[in-house]
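Values in this text are rule-based calculations from the coordinates and carry no lab data. Small disclaimer: the values here were computed from a predicted structure and weren't measured. Cβ coordinates were reconstructed from backbone atoms using ideal geometry, including for glycine residues, and neighbour counts include every protein chain displayed.
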């Protein structure tokens with residue numbers, strides 16, 4: 001009898017995307033499989049069972065898919081952290097550094113109430129820049145982060161260590177070495 005599949009088994013690797021030397025970890029194959037997707041959502045939730053969570057924050061863009069499903073399972077609200085210029089209404093912004101430049105993410109200025117317990121969700125943790133920007137936005141609005149949950153961790157890029165240095169509880173379902 002074959003070994004049961006793990007979340008990692010559902011993730012496809014695409015060599016040299018988006019440029020040469022990159023091993024792109026494609027979670028769309030995980031999302032497309034009902035068993036794999038369900039397994040991922042259940043495992044993202046597991047460490048936070050019994051904790052108070054008021055809202056789930058999803059980081060653009062695949063974090064919206066995962067975060068929405070996690071929020072649904074928890075019966076809590078969902079808050080998107082989006083790229084600059086994508087949200088209508090009043091927002092707050094946070095700039096962060098990428099490997100190839102800078103970027104800005106935003107959240108509605110009324111999306112989180114001070115004291116709310118927040119779970120941050122995204123598909124992949126690489127350098128941690130986007131996640132750190134999301135954390136800063138949540139904290140600026142007075143939210144208290146209970147954890148940061150990811151499907152994939154790329155530990156060689158240092159994101160986990162970066163977030164843990166900020167005092168964050170980091171949970172990832174699988175890891176791939178070698179970026």
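Any idea how far the Cα center of segment 29-63 sits from the one of segment 1-25, in Å?
19 Å
Report relative contact order for the chain in percent, whole number only (criteria: Cα-Cα under 8 Å, sequence separation at least 6).
18 percent
Rounded to the nearest 5, what % of DSSP beta bridges with both residues in the chain are antiparallel?
Looking only at bridges with both residues in the chain, the antiparallel portion is about 40 percent.
Figure the gain on full extension for residue 16 and residue 51 (residue separation times 0.36 nm, minus the Cα-Cα span) and round it to one decimal in nm.
Net length gain for the segment: 8.6 nm.
Quick one: 42, 110, fewest Cβ neighbours within 10 Å first, how do they rank?
Lowest to highest Cβ neighbour count: 110, 42.
Would you calculate, for the chain, the mean residue ellipticity at 222 nm contributed by helices, counting each DSSP H stretch of 4 or more residues as -39,500 (n - 2.57) and dividing by all residues, to the nearest 500?
About -8000 deg cm²/dmol.
Quick one: compute the contact order of segment 73-144, relative version, from alpha carbon pairs under 8 angstrom and 6+ residues apart, as a percent.
32 percent
Modelling each spin label as a point 7 Å along the Cα-to-Cβ direction, I'd like the residue 1/residue 75 distance in nm, to one decimal.
Roughly 3.5 nm, to one decimal.
So for segment 73-143: antiparallel DSSP bridges make up what percent, rounded to the nearest 5?
The antiparallel fraction comes to roughly 100 percent.
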